[in-house]
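To keep things clear, I will list the structure first and then write my remarks on it.
What follows is calculated from the coordinates using simple rules that are stated; it is not laboratory data. Everything numeric in this text was worked out from a predicted model, so none of it was measured. Because the Cβ atoms are built from the backbone with ideal geometry, glycine has one as well, and the counts that use them run over all protein chains shown.
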Amino acid sequence: MKKDTCKCGRPRHLPRGKADCSSKCLECRLEAGRKWRAANKQKMAEYQRNYRVANLAKLQQDKAAWHQSNRDKAKARWEAIKADPEKYAAYKASSKASRERRRDKIRVAMAAKKYKISKERAAELYSSVSCAICNEPTKTICIDHCHKTGKVRGGLCTRCNVTLGYIEGSRHLIGAMLGWINRGGDEA
């Protein structure tokens, strides 16, 4: 039989109907759980992700049921957020960041499907900070691909992508255009 106190001297935590199930007090059990979760963050994240995927419908149903039965509480919570400028600013920033993450995820998934490349490759292309042609830094990367073969060539800035789109079908004109540019404007 176990003794009635924990190592720390407090009484053991005995849940109702389960005698002798723990050798620790409630505080020590909670602390042990916190330490384990801190040491196993990836395991916890994977478990939570798997649980959400496996129980998505139930979680959505539970959330809808909570909101249905707690409309006043949800409305009061929202009013409290709106009333406090600091909380509202934090809410707006969090919402914006969340929207951006979702937008980026969707953009990567759509590009991967459209160009028949892996999501990792699409994410890599979108994470480029400079154009593959002009090497200028850019905020918006366009995925360039061959229209005949569908093969992805790289990430370009909008200017280079549009220019390439105009001249790609007329490759014979590129030399003529370069000659025209090199000719200079002195003869006009």
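Quick look at the values:
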{"quantity": "Cβ charges +1 (Lys, Arg) and -1 (Asp, Glu), total dipole of segment 130-182, debye", "calculated": "120 debye"}
{"quantity": "Rounded to the nearest 20 debye, dipole of segment 58-113 from Cβ charges on Lys, Arg, Asp, Glu", "calculated": "320 debye"}
{"quantity": "Exposure proxy order (Cβ contacts within 10 Å, fewest to most) of Asp144, Asp62", "calculated": "Asp62, Asp144"}
{"quantity": "Cα shape, segment 128-188, gyration tensor, a/c 1.5 rule", "calculated": "oblate"}
{"quantity": "Segment 67-144 shape via C-alpha gyration tensor axes, a/c threshold 1.5", "calculated": "oblate"}
{"quantity": "Residues Thr149, Thr158, Thr138 arranged by fewest to most Cβ contacts within 10 Å", "calculated": "Thr149, Thr158, Thr138"}
{"quantity": "Axial C-alpha extent at least 15 Å, average Kyte-Doolittle at least 0.5 - helices from the chain (DSSP)", "calculated": "172-183"}
{"quantity": "For the chain, size of Cβ-based charge dipole, Lys and Arg +1, Asp and Glu -1, in debye", "calculated": "1480 debye"}
{"quantity": "Which listed pairs, of Lys96/Lys151; Lys41/Lys119; Lys87/Lys114; Lys63/Lys114; Lys63/Lys92; Lys96/Lys148, have C-alpha distances above 29 Å, in listed order", "calculated": "Lys96/Lys151; Lys87/Lys114; Lys63/Lys114; Lys96/Lys148"}
{"quantity": "Gain on full stretching of the segment that runs from Lys43 to Arg102 - 0.36 nm per residue minus C-alpha separation", "calculated": "18.9 nm"}
{"quantity": "Prolate/oblate/rounded label for segment 35-188 (Cα gyration tensor, a/c 1.5)", "calculated": "prolate"}
{"quantity": "Among Cys142, Ser95, Leu173 - extreme Cα towards positive end, dipole of segment 86-174, charges at beta-carbon", "calculated": "Ser95"}
